[in-house]
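Enquirer: To start, I am sharing the structure in question, which I have written as C-alpha cells.
The values are calculated or read from the model by the stated rules, or taken from the named source; none is laboratory data. Note that the structure is predicted; figures quoted are calculated from it, not measured. Cβ placement follows ideal geometry from the backbone for every residue including glycine, while neighbour counts extend to all protein chains displayed. Ligands, DNA and RNA are excluded from the accessible area calculation, which covers all protein heavy atoms including side chains. Shrake-Rupley method; radii C 1.70, N 1.55, O 1.52, S 1.80 Å.
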Amino acid sequence: MTLPTLLLGQTLHFAADPFAAGPDAARHDSAGGVLIEGGHIKAVGHGADLRAAHPEARVVDHGDALLMAGFVDAHVHYPQTGIIASWGKRLIDWLNSYTFPEEMRFGDPAYAADVAGRYLDLTLAHGTTTVCSYATIHPESVDAFFAAAQARGQRVVAGKTCMDRNAPEGLRDTAQSAYDDSRALLRKWHGVDRLSYAITPRFSPTSTPEQLDALGALWAEHPDCLMQTHLSEQTDEIAWVRSLYPQARDYLDTYEAFGLLGANGLYGHAIHLEPREKDRLREVGAALVHCPTSNTFIGSGLFDMAGLVAAGHRVGLATDTGGGSSFSMLRTMAAAYEVGQLRGTPLHASQLLWLATVGSARALRLDDRIGNLAPGMEADIIALDLSSTPAIAQRSARAQDIWEAVFPTIMMGDDRAIRTTWVSGQRLV
Ligand code: GUN
Ligand code: ZN
C-alpha cells in the first residue's frame with residue numbers, strides 16, 4: 001500500500017465561479033495542505049491540521065509557493081511546436097506558409113514521437129498538466145501523442161485532424177478515410193488510462209460537405225466524445241466560408257447542418273460571431289475556447305469574454321500553440337487580461353486563474369476530475385513561485401493580499417515560476 005503524501009504551502013482552490021460570485025469564490029490558505037494518495041486528492045485543508053490528522057503521511061514542504069490545480073490548455077496543436085513564433089502572416093497565409101509544410105512531416109512516427117514528447121515536457125515545465133490537442137491528418141501523429149501522454153500519466157484529449165480539400169497534396173484525407181481512421185483511433189484510445197478522443201474536423205474550409213457529414217455521423221455514434229474545431233477566427237476566413245458554403249446561414253451553420261453542433265462541441269476562437277451563432281451555441285451548451293496570444297499574434301481580433309460569459313456561455317482558455325506565441329498559461333492569462341482591457345472589461349486575477357483551470361476543465365467536460373483542488377479530484381497540482389524573478393519579487397513583496405501577490409506572476413511569469421508539477425500524484429518536474 002502506498003502511503004499518502006502531504007503537500008504543504010499556500011493553497012488556492014475554487015468553491016464557486018468567480019465570474020458569478022466574485023473573488024471570494026476562491027479559497028486561499030497561507031499555510032495550507034493537500035493530502036494525496038493513489039493519484040487522487042484525499043483532503044485539502046490547513047497544513048497543521050492535516051499533519052496532525054495524518055502522521056503517517058510523507059511530507060513535501062513547498063514553503064511559500066502557491067499550490068493550485070495544474071493548468072488546463074483547452075486548444076493546442078502539438079504538431080506546431082516547431083513553428084511557434086513564425087513571422088508576419090495572417091491565418092490563411094500562416095497555415096499555407098508555416099503550418100501545412102510542418103504538419104506534412106508527421107506521417108513519420110519517429111518524428112511525431114519526438115515532437116509529442118518534447119511538447120509535453122515543455123508544457124509540463126510550464127505547469128500545464130492537461131491539454132486538448134489537434135494532431136495532423138496522420139493516424140501515426142495521434143498514436144505518438146497518446147503514447148507520450150500515457151507514458152507521463154497525463155490526462156489529455158486529442159484527435160486526428162481531418163482535411164479533404166484546400167490543403168496540399170500529402171496532407172489530405174477523404175470523407176471515408178477520415179471517418180474510418182477517426183473511428184479506429186477512437187476505439188483504440190478513448191477511455192484508455194487518462195486519454196480521451198476528440199473528433200477533429202480542422203475547420204469547414206478544409207473539409208468538403210461530405211467529410212463534415214461523415215464526421216457528424218461518427219459523433220452521433222459516439223456522443224460522449226468531444227468534437228473540436230475552429231469557428232470565426234478571422235474576417236477573411238469567414239468570407240471564404242461563405243463562398244464555399246453558399247447555402248449556409250453563417251459559419252456555425254456549416255457545422256450545424258452536418259451534425260457538428262452539440263453540447264460536447266469545442267469551438268476555438270469564436271471571435272466574430274453573429275447573434276444567431278451566439279444564441280445557438282448557448283442553446284446547445286457548446287463550449288467556446290479563447291486563445292488570446294494567438295488572436296493578437298495572428299491579428300484575429302478581440303474575444304468578447306465578458307459579454308459571452310454574462311450571456312451564459314461556457315468558456316475555456318488556451319494557448320493555441322503554435323498560432324499562439326507561448327506554451328505558458330501564465331502568458332495566456334496575461335494576454336486574456338490585455339484583450340479584456342482593450343475591450344474595456346479587465347478580468348480579475350481570480351477569473352484568470354479560474355479560466356486556466358476550472359473553466360478549461362469545464363469546457364472539456366472534465367471538471368469532475370481535474371482543474372481544482374478538492375477531495376476525489378485527480379492529483380494534478382502545481383507549486384507556483386510568486387517571486388520567481390527579481391522583477392516579479394520586488395512587486396509581489398509589497399502585496400497586501402493574495403491577488404496582489406499572484407497578479408505579477410500572471411502578468412510577468414513564465415516557466416521559471418513553476419517550481420514543481422505533480423501529475424496523478426507523481427512529481428514530474
Ligand atoms: N484554423 C484552422 N486551422 C488552424 C490552426 O492550425 N491554427 C489556428 N490558429 N487557426 C486555424
Ligand atoms: Zn487552433
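Enquirer: Once the mean 1/r over all distinct Cα pairs of the stretch 218-315 is inverted, what Kirkwood radius in angstroms do you read off? Please report the intermediate quantities before stating the final value.
Expert: Values: mean 1/r = 0.0727 Å⁻¹.
Hydrodynamic radius (Kirkwood, Cα only) of the stretch 218-315 equals 13.7 Å.
Enquirer: Additional query: I need the fraction of alpha carbon pairs in the stretch 75-121 separated by more than 14 Å, rounded to a whole percent.
Expert: For the stretch 75-121, the fraction of Cα-Cα distances above 14 Å is 50 percent.
Enquirer: Could you work out the Rg to Rh ratio of the chain, with Rh taken as the Kirkwood radius (inverse of the mean 1/r over all Cα pairs)?
Expert: 0.97
Enquirer: A further question on this structure: For the stretch 122-195, what percent of Cα pairs sit more than 17 Å apart? Kindly include the intermediate steps, with their values, before the conclusion.
Expert: On the way: 1234 of 2701 pairs.
For the stretch 122-195, the share of Cα pairs beyond 17 Å comes to 46 percent.
Enquirer: Please give the Cα centre distance for the stretch 1-69 versus the stretch 287-359, rounded to the nearest Å.
Expert: The stretch 1-69 and the stretch 287-359 have Cα centres spaced 27 Å from each other.
Enquirer: On to the next question. Just report the Cα centroid separation between the stretch 368-429 and the stretch 209-253, whole Å.
Expert: Using only Cα atoms to place each centre, the spacing works out to 37 Å.
Enquirer: Within the stretch 97-111, which residues have the backbone N less than 13 Å from the label spot 7 Å out from residue 169 along Cα→beta-carbon, could you tell me?
Expert: Flagged as within label range: none.
Enquirer: Suppose R0 equals 41 Å. What FRET efficiency, 1/(1 + (r/R0)^6) with r the Cβ-Cβ distance, do residue 176 and residue 27 give to the nearest 0.05?
Expert: Values: r = 52 Å, r/R0 = 1.26.
Working from the Cβ atoms, E equals 0.20.
Enquirer: Looking at the stretch 259-376, I'd like the Rg to Rh ratio, where Rg is from alpha-carbon atoms and Rh is Kirkwood's inverse mean 1/r.
Expert: Rg/Rh for the stretch 259-376 comes to 0.95.
Enquirer: For the stretch 33-185, just the Cα set please: Rg and Dmax, both in angstrom.
Expert: So, for the stretch 33-185, Rg and Dmax equal 20.2, 65 Å respectively.
Enquirer: Here's another thing I want to ask about it. For the chain, which longest stretch is free of loop sites, where a loop site is one of the GluC sites (Glu not before Pro) that DSSP puts outside H, G, I, E and B and that has at most 10 other Cβ atoms within 10 Å?
Expert: Between exposed loop sites, the widest span is 170-429.
Enquirer: Still on this structure: Take residue 393, project a point 7 Å from its Cα along the Cβ direction, then tell me which residues of the stretch 407-429 have their backbone nitrogen under 15 Å from it.
Expert: 409, 416-419
Enquirer: Please work out how much length the chain gains when fully extended from residue 224 to residue 89, using 0.36 nm per residue of separation minus the C-alpha to C-alpha distance, in nm with one decimal.
Expert: 44.9 nm
Enquirer: For the stretch 96-105, just list the computed ³J(HN,Hα) in residue order, Karplus coefficients 6.51, -1.76 and 1.60, θ = phi - 60°, integers in Hz, with x standing in for Gly and Pro.
Expert: Rounded to whole hertz, the list is 6, 7, 10, 6, 5, x, 5, 5, 4, 6.
Enquirer: Using all alpha carbons of the stretch 102-143, what is the percent of pairwise distances in each 10 Å bin, ordered from the shortest bin to the longest?
Expert: Result returned by the calculation: 30, 51, 19.
Enquirer: Which FRET efficiency, nearest 0.05, do residue 49 and residue 210 yield, Cβ-Cβ r, R0 51 Å?
Expert: 0.25
Enquirer: Would you mind working out the accessible area per residue for the stretch 126-216, using a 1.4 Å probe, and quoting it in Å²?
Expert: Solvent-accessible surface per residue comes out at 28 Å².
Enquirer: Sticking with this structure for a sec: To the nearest µm²/s, what D does Stokes-Einstein give for the stretch 1-68 at 20 °C and 1.002 mPa s, using the Kirkwood radius over alpha carbon pairs as Rh? Walk me through the numbers before you get to the answer.
Expert: Numbers: Rh = 12.4 Å.
Translational D for this selection: 173 µm²/s.
Enquirer: So which residue, out of 354, 219, 403, gets the largest mean-square fluctuation from a GNM of the chain using Cα contacts under 10 Å as springs?
Expert: The residue with the greatest mean-square fluctuation here is 403.
Enquirer: Sticking with this structure for a sec: Using the 2.2 N^0.38 Å rule of thumb for compact globular proteins, work out how the stretch 186-260 stacks up: its C-alpha Rg over that value, please.
Expert: Against the empirical 2.2 N^0.38 Å value, I get 1.20 for the stretch 186-260.
Enquirer: Right, another one. Would you please put 49-55, 395-401, 10-16 in order of how densely packed they are, using the mean number of other Cβ atoms within 10 angstrom per residue and starting with the highest?
Expert: Ranked from most to least packed, the peptides come out as 10-16, 49-55, 395-401.
Enquirer: Just to be sure I understand the curve: with the Debye formula and one point per C-alpha of the stretch 315-407, what is log10 I(q)/I(0) at q = 0.15 Å⁻¹?
Expert: -0.70
Enquirer: Nearest 500 deg cm²/dmol is fine: what mean residue ellipticity at 222 nm does the chain get from its DSSP H runs of n ≥ 4 alone, each adding -39,500 (n - 2.57), divided by its residue count? Don't skip to the answer; put the middle values down first.
Expert: Values: 18 runs with 157 residues, N = 429.
About -10000 deg cm²/dmol.
Enquirer: Enter the accessible area per residue of the stretch 12-116 (Å², integer; probe 1.4 Å; all protein chains in place).
Expert: Per-residue accessible area for the stretch 12-116 comes out at 43 Å².
Enquirer: Let me ask another. What are the extents of the Cα atoms of the stretch 116-263 along their three principal axes, listed from largest to smallest and rounded to whole Å?
Expert: 46, 33, 31
Enquirer: Now for a separate question. May I have the extent of the alpha carbons of the stretch 353-429 along their three principal axes, as whole Å values ordered from largest to smallest?
Expert: Reported extents, whole Å, longest axis first: 38, 24, 19.
Enquirer: Carbon and sulfur: what percent of the chain's accessible surface (1.4 Å probe)?
Expert: The nonpolar share, carbon plus sulfur, comes to 51 percent.
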